[in-house]
Protein chains: 2
Amino acid sequence: MFSDISLTDDKPLYIQIRDYIKQMILKGLLSQGQKLPSTRELCNTIGVSRNTIILAYEYLEDEGFVQIIKGRGTFVSDITIDYQDEWNMDWTSRLTPYAHLANQLDIVKHESRWQKGMISFKSIAPDDKLFDLDDFKRAFLDRFSLEGEKLLNYGYAQGYKPLIDYLMGYMENKGVKTQGKDILVTNGFTEGFDMVLSALTEPGDHILCENPTHNTAVKIMKLHGLEIVGVDMEDDGIDLDKLQEALSNNPVSMGFLIPSYHNPTGIVMSPEKRVEVLNTFARHRVPLIEDGFNEELRYSGSHLSPLAALCGRGNSIIYIGSLSKVLFPGLRIGWILGDSHLISQLESIKRSRNIHSSFLDQAILYEYLAAGNLEKYLKKARRIYREKYDYALECAQRYIPCKKILGEGGLHIFIELDHNLNARKVLDECIRQNVIFMPGDIFYIHGKGANTFRLGFARCTPEEIRQGFKIIGDVIRGLE
Amino acid sequence: MFSDISLTDDKPLYIQIRDYIKQMILKGLLSQGQKLPSTRELCNTIGVSRNTIILAYEYLEDEGFVQIIKGRGTFVSDITIDYQDEWNMDWTSRLTPYAHLANQLDIVKHESRWQKGMISFKSIAPDDKLFDLDDFKRAFLDRFSLEGEKLLNYGYAQGYKPLIDYLMGYMENKGVKTQGKDILVTNGFTEGFDMVLSALTEPGDHILCENPTHNTAVKIMKLHGLEIVGVDMEDDGIDLDKLQEALSNNPVSMGFLIPSYHNPTGIVMSPEKRVEVLNTFARHRVPLIEDGFNEELRYSGSHLSPLAALCGRGNSIIYIGSLSKVLFPGLRIGWILGDSHLISQLESIKRSRNIHSSFLDQAILYEYLAAGNLEKYLKKARRIYREKYDYALECAQRYIPCKKILGEGGLHIFIELDHNLNARKVLDECIRQNVIFMPGDIFYIHGKGANTFRLGFARCTPEEIRQGFKIIGDVIRGLE
């Protein structure tokens, strides 16, 4: 004992020695009343300074594991760990249908995973090499020196006030009229969407969305027990005739749309269609949740108003924003902009779920944004992603035999194959050749999309794009 | 126009000028095709450098608000914001019962608030003046320089691996046997408890807890539609006879206990009672959720095993931990330790709720903990809080006429008045005299606790404690 302790570099030595002795006591290898070696003795045995041993013994005393008696020594306290019946539950049999469904719909668990050496087009996460770490660090240091203590203590459910104010201005700059509206900061789009559905829908309610749509949104709608009414898309957005029909034939209580860089198709809804869509929903008195997905990654010059701007002072659009697809998804910061009474109700739900989002992260993000870093970053990111996008499009046209290539920007394109081709078969063979992507069926409702897939390219080099797309194309030709 | 722009210091000038012009365009004050002043002209009008104007115009072009035509000038683009029918919803009529209940149970909205100048015993948040900001900053800088990019991109639902490993060791040091168990990182206790209930309970299920118990837990149990079976407490923890009776007479499917520094009473469950309680639950085959509340703030020397340690290799305890009451609640980091299959199910729920907790915060916390800062911090915090606790106890005994003073440590004490006294009446009068505290009834089930209240002292000076307790005592005497 004691001489067999192996010390490492990654933790303070006194903590390693404390933990070693603690474990000896907990395992019953040192028993009540037993005298520990003197600090002088132990420091020689282990080969550390005597102060390290003194500190370790002091911490052990603080935590009640030993008693230090002056002039006599250090003795193990009475630690009776009277282990009970090792009683085991079968937890699986106790899981709720909700828990089973969350597991079943968890694509991370069920889809093929990236393996070392593969070219991956699976993800649409941004390329973290573009992040401007120095600006981020500066934002941390500036904000932390101003109000570090405050940021580490409890904050407010609605969010960090300066960030809320900043985001209000940001939305105004998109043309949104903010009178009578307010913002709630959330842990990304996912939490925002989940809370809005909790506040406004009950199992069995009908929700209308584009078909396909964001697979996380599909998962959340299913977890809320909603009937999903999927409406097919045209190349400039949702099919208006089918939208009209679906709203007439179903008791739809809520709509969910992704007008910009729609996930997974990459389609940007045209300005004319935006107005028509809004009027159609208004005629049916069905409110809308708008996902402001990747709005910031416009490569072309034209300004496009979000639906939340087009409805003027009306309060019928709930806009969920996030910078996560562009910038710092690891922070999980998003926001809901909507009618201020509704936001106040959502604030209570937020408080009941996790009290508030990290105040430190909100404050760093605020400082980063307020200093004008987003504009600077976007200038660089747009240029680089646009080059990748153009090259991906070129390679897709050259190598991948298909019916349609969709995607007007953002970080991905979407491929539609001939109807008799199955994208999962293509995927299986591609994985054998070390290329992976996202099969399209996970984005579809009503069992469609078997002949589609999504290619994310943000983190790929041009060479990976060329090589990977060529392999995909060859596989498809082999199956035709 | 243009000359009336008012520039401030808190944002880059080009952004302020860009936003000003954007708003002019969005409001229709600058119309399509209109030529903007030359950069030379505008820089003189506003009194900034010409480069600032050039930058502002470039950003406006990036976002599609203007077109810059070389040799001719800068022209407003076609921004048709065709505001639609200002269509308004009555959101309140659409709220779910869940949303109404979340609002109704939100004590932040319904309890009296602290006003400037008041002495507040309402909160049990830690004193942020004790936070060691330099150590925290060092942890940020160290970890960020190692893997900043990675931390800002997407992470994993289960949590940041080094933090999970650290917490596993931390739990082993409390005597917990971790074989077959795993950890999920959550946004604090609140999210952990909410997710566990989602996974394992359905509306109408019976859950047993101490009466009183943590008011956030009461809120969450009610939001899940559970029947709450509250069991009275004795001075050393839950009443064993009543526990036995409650388990026999109700179809209880889950227990929830706070064995250490119980909130709100401050009672620490005795070691003997811990064993008895565990055996009682085991006999009834009812699993337990253990809230490891404030375990770290032991002032006395004796080591106390959490229930999760006493059950040995059994898997029937779900332990929810958090450092939030001691350290950095603003980060919202907590964890669930339990059976590894169960943790895997909870991981899917976590992913469906908000993908994961902030990786940046998890990594900073890991670095902070691994460097041994927690031990150092606790040494200081325990000493200071213990002094405050001793003084608060002394003042309570001296000034507040009551039946019982409870609380063996932590950051609060709990007062039980004579049965005919109402704590809310005391509170109303105290508020008039600028003293505020938390009425006890919010912690109780079955309508009890009208004669109780909680006094948090972590952020009070000794003088505030003395003066505030004296006022409370005088008010009580006036009502007797």
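The values are calculated or read from the model by the stated rules, or taken from the named source; none is laboratory data. Computed from a predicted structure; not experimentally measured. Positions of Cβ are backbone-derived with ideal geometry, glycine not excepted, and every protein chain shown enters the neighbour counts.
As a summary of the residue check, A:Glu147 satisfies the conditions (1) more than 9 Å from chain B (Cβ to nearest Cβ); (2) more than 27 Å from A:Ile384 (Cβ to Cβ); (3) not in a helix (DSSP H, G or I) except for the one numbered (3).
Residue by residue, here is whether (1) within 30 Å of A:Leu95 (Cα to Cα); (2) surrounded by fewer than 23 Cβ atoms within 10 Å (Cβ to Cβ); (3) modelled with pLDDT under 95 holds:
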| site | (1), (2), (3) |
| --- | --- |
| B:Arg332 | yes, no, yes |
| B:His341 | yes, yes, no |
| B:Ile384 | no, yes, yes |
| B:Tyr391 | no, yes, no |
| B:Ala396 | no, yes, no |
| B:Gly410 | no, no, yes |
| B:Leu421 | no, yes, no |
| B:Arg424 | no, yes, no |
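Count of segment A:452-474 residues, restricted to those that are buried (at least 20 other Cβ atoms within 10 Å of the Cβ) and either over 21 Å from the mean Cα position of the chain (by Cα) or within 13 Å of A:Asn422 (Cα to Cα) (or both), is 6.
Considering only segment B:98-107, I want to know if a residue exists there that is surrounded by 19 or more Cβ atoms within 10 Å (Cβ to Cβ), facing another protein chain (nearest Cβ under 10 Å) and outside any helix (DSSP H, G or I). Yes, segment B:98-107 contains a residue that is surrounded by 19 or more Cβ atoms within 10 Å (Cβ to Cβ), facing another protein chain (nearest Cβ under 10 Å) and outside any helix (DSSP H, G or I).
In this structure, is B:Leu278 more than 26 Å from B:Leu200 (Cα to Cα) and of a type in the set (A, V, I, L, M, F, W, C)? The answer is no for B:Leu278. Scanning segment A:397-446 for residues being within 24 Å of A:Val268 (Cα to Cα) and either among the aromatic types (Phe, Trp, Tyr) or in the same structural domain as A:Ile238 (by TED's automatic domain parsing) (or both) gives a total of 4. Residues of segment B:108-125 that are assigned to a loop (DSSP other than H, G, I, E, B) and more than 7 Å from chain A (Cβ to nearest Cβ): B:Glu111, B:Ser112, B:Arg113, B:Trp114, B:Gln115, B:Lys116, B:Gly117, B:Met118, B:Phe121, B:Lys122, B:Ser123, B:Ile124. Among the conditions (1) over 18 Å from B:Glu210 (Cα atoms); (2) modelled with pLDDT of 95 or more; (3) touching a His at 6+ places or on another chain (Cβ under 8 Å), the only one that B:Ile336 does not satisfy is (3).
Of all the residues in segment A:2-36, those that are surrounded by fewer than 16 Cβ atoms within 10 Å (Cβ to Cβ) and under 12 Å from A:Leu60 (Cβ atoms) number 1.
Every residue, every condition in (1) more than 14 Å from chain B (Cβ to nearest Cβ); (2) outside any helix (DSSP H, G or I), yes or no:
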position: A:Ile320; (1), (2): no, yes
position: A:Ile336; (1), (2): no, yes
position: A:Gln345; (1), (2): no, no
position: A:Tyr366; (1), (2): no, no
position: A:Leu369; (1), (2): no, no
position: A:Glu375; (1), (2): no, no
position: A:Arg386; (1), (2): no, no
position: A:Leu393; (1), (2): yes, no
position: A:Cys402; (1), (2): yes, yes
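Counting residues in segment A:211-231 that are more than 12 Å from chain B (Cβ to nearest Cβ), within 24 Å of A:Pro439 (Cα to Cα) and touching a Leu at 6+ places or on another chain (Cβ under 6 Å) gives one or more. Could you tell me whether segment A:274-290 includes any residue that is among the aromatic types (Phe, Trp, Tyr) and within 14 Å of chain B (Cβ to nearest Cβ)? Scanning segment A:274-290, I find at least one residue that is among the aromatic types (Phe, Trp, Tyr) and within 14 Å of chain B (Cβ to nearest Cβ), so the answer is yes.
Residue-by-condition table, conditions (1) at positive phi; (2) within 22 Å of the chain's Cα centre (by Cα); (3) of a type in the set (Lys, Arg):
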{"residue": "B:Asn187", "(1), (2), (3)": "no, yes, no"}
{"residue": "B:Val196", "(1), (2), (3)": "no, yes, no"}
{"residue": "B:Thr201", "(1), (2), (3)": "no, no, no"}
{"residue": "B:Gly237", "(1), (2), (3)": "yes, no, no"}
{"residue": "B:His284", "(1), (2), (3)": "no, no, no"}
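Taking the listed residues B:Glu191, B:Glu172, the one that is free of Cβ contacts under 8 Å to residues at least 24 places away in the same chain and within 10 Å of chain A (Cβ to nearest Cβ) is B:Glu172, with no other qualifying. Scoring A:Tyr154 on the criteria (1) crowded, with 16+ Cβ neighbours inside 10 Å; (2) part of a helix (DSSP H, G or I); (3) in contact (Cβ under 8 Å) with a residue 24 or more places away in the chain; (4) more than 22 Å from the chain's Cα centre (by Cα) leaves a single failure, condition (2).
Could you list all residues from segment A:37-50 that are more than 46 Å from the chain's Cα centre (by Cα) and surrounded by 18 or more Cβ atoms within 10 Å (Cβ to Cβ)? Within segment A:37-50, A:Thr39, A:Leu42, A:Cys43, A:Ile46 qualify. Residues in segment B:280-298 that are surrounded by fewer than 22 Cβ atoms within 10 Å (Cβ to Cβ), assigned to a helix (DSSP H, G or I) and in contact with a Phe, Trp or Tyr (Cβ under 9 Å, 6 or more places away or on another chain): B:Ala282 only. With respect to (1) hydrophobic (A, V, I, L, M, F, W, C); (2) more than 7 Å from chain B (Cβ to nearest Cβ); (3) more than 23 Å from the chain's Cα centre (by Cα), the lone exception for A:Ala309 is condition (2).
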